[in-house]
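Below: the structure, in structure tokens.
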Amino acid sequence: MRLPRPVVIAAVAVAVVAGSAFTVETVSASRIEADLSGRIDPGTAGVGPPSVTIGGSPGSRWSGPDTLVSAMVRVEGVDRPGLGPVAVEAVATDVSVPEDPSGPLTAGEVTVSVQITGASLGPALGMRDVLVGAADDPSLAGGTETRARVTGTLEGSDVRISAFVDLVVDDLGARLVPVAPATGPAGFPDGDGELALRRTALTLEPDVLPLGVAVETLSITGGTITAAGEGGPGTAPLDGLARTDL
């Protein structure tokens, strides 16, 4: 059945208005993300521009005046104590965005993480060409594990070592605890097992996470070790995420 022309026109008009509203919301979200990125960017050489994604659907991004429902921030190339450059991430809720660009970006809750690759671990272990991988457990392939394999060449030599390490967080800190040298068919059969165990032990610095957040979990997925922790209302503002002094 053909609809009367006025009804068709009205329906089209509603669709156009709805589409326009969605476009405006999308543009607005992009502008907010760009603004937040600019506030968080420390302007440090070698540090990538912060990537910001705000949560919520169009019309529900704000939970109150100047308060975003959620935001996720990722910055690459950040120097953290004891490590080479890493990627830092923050997933925050109830993010306060003051009109004054110099005001603090505080959050009700935030999960902060540092993603550590072989290149990040190299300086801490005194090695080069470091590779990090999950333990050889086929049942966990591709998933999250708490045992990793670390392989690298000792600085100033051609000696290459490999060991399995447990990723532990306890009263002694967040640590890589060697459990066995990797001397099997996929490792170095003639390697020095004691040397491998000794040189792959590492305790991360207490302030390895930014914003003053303590490490609560340490895990590996693929070739990346993730140290993560949670902060509450008193956590340092998000605009310090990529700074090296927070």
Go through (1) open to solvent by 70 Å² or more (accessible area, probe 1.4 Å); (2) of a type outside the set (Ser, Thr, Tyr); (3) modelled with pLDDT under 95 for GLU109 and report which single condition fails. (3)
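Yes/no per residue for (1) touching a Leu at 6+ places or on another chain (Cβ under 7 Å); (2) modelled with pLDDT of 90 or more; (3) surrounded by fewer than 20 Cβ atoms within 10 Å (Cβ to Cβ); (4) hydroxyl-bearing (Ser, Thr, Tyr):
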position: GLY103; (1), (2), (3), (4): no, yes, yes, no
position: VAL114; (1), (2), (3), (4): yes, yes, no, no
position: SER120; (1), (2), (3), (4): yes, yes, no, yes
position: ARG128; (1), (2), (3), (4): no, yes, yes, no
position: LEU131; (1), (2), (3), (4): no, yes, yes, no
position: SER139; (1), (2), (3), (4): no, no, yes, yes
position: THR153; (1), (2), (3), (4): no, yes, yes, yes
Would a scan of the range 156-172 turn up a residue that is within 17 Å of LEU197 (Cα to Cα), touching a residue at least 60 places away in the same chain (Cβ under 8 Å) and open to solvent by 70 Å² or more (accessible area, probe 1.4 Å)? no
Return the total of residues in the range 203-240 being in contact (Cβ under 8 Å) with a residue 60 or more places away in the chain, among the acidic types (Asp, Glu) and out of contact with any helix residue (DSSP H, G or I) (no Cβ under 8 Å at 6 or more places or on another chain). 3
Got a number for residues in the range 59-72 being farther than 15 Å from GLY108 by Cβ and either within 24 Å of the chain's Cα centre (by Cα) or at pLDDT 95 or above (or both)? 1
Determine whether LEU197 is in a helix (DSSP H, G or I) and more than 22 Å from THR146 (Cα to Cα). no
The lone exception for PRO181 - which of (1) over 20 Å from SER113 (Cα atoms); (2) surrounded by 18 or more Cβ atoms within 10 Å (Cβ to Cβ); (3) at pLDDT 95 or above it fails: (3)
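For every residue, the table says whether it meets (1) of a type in the set (Phe, Trp, Tyr); (2) surrounded by fewer than 17 Cβ atoms within 10 Å (Cβ to Cβ); (3) more than 20 Å from GLY43 (Cβ to Cβ).
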| residue | (1), (2), (3) |
| --- | --- |
| ARG74 | no, no, no |
| GLY77 | no, yes, no |
| GLY82 | no, yes, yes |
| VAL86 | no, no, no |
| GLU89 | no, no, no |
| SER96 | no, no, yes |
| ASP100 | no, yes, no |
Matching residues in the range 43-71 - criterion: being on the phi < 0 side of the Ramachandran plot and assigned to a loop (DSSP other than H, G, I, E, B): THR44, ALA45, VAL47, GLY48, PRO49, PRO50, GLY55, SER57, PRO58, SER60, ARG61, PRO65
Among the candidates ALA148, ALA163, ALA135, which residue alone is modelled with pLDDT under 95 and out of contact with any Asp or Glu (no Cβ under 9 Å at 6 or more places or on another chain)? ALA163
Only one of (1) at pLDDT 80 or above; (2) hydrophobic (A, V, I, L, M, F, W, C); (3) surrounded by 13 or more Cβ atoms within 10 Å (Cβ to Cβ) is not met by ALA45, so which one is it? (3)
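The values are calculated or read from the model by the stated rules, or taken from the named source; none is laboratory data. Here the structure is a predicted model, which is why all the values come from computation and not from measurement. Methodologically, a virtual Cβ is constructed for each residue, glycine included, from the backbone with ideal geometry; neighbour enumeration extends over all protein chains shown. The protein model used for the area step is the full one, side chains on, heavy atoms only, and it has no ligands, DNA or RNA in it. Shrake-Rupley method; radii C 1.70, N 1.55, O 1.52, S 1.80 Å.
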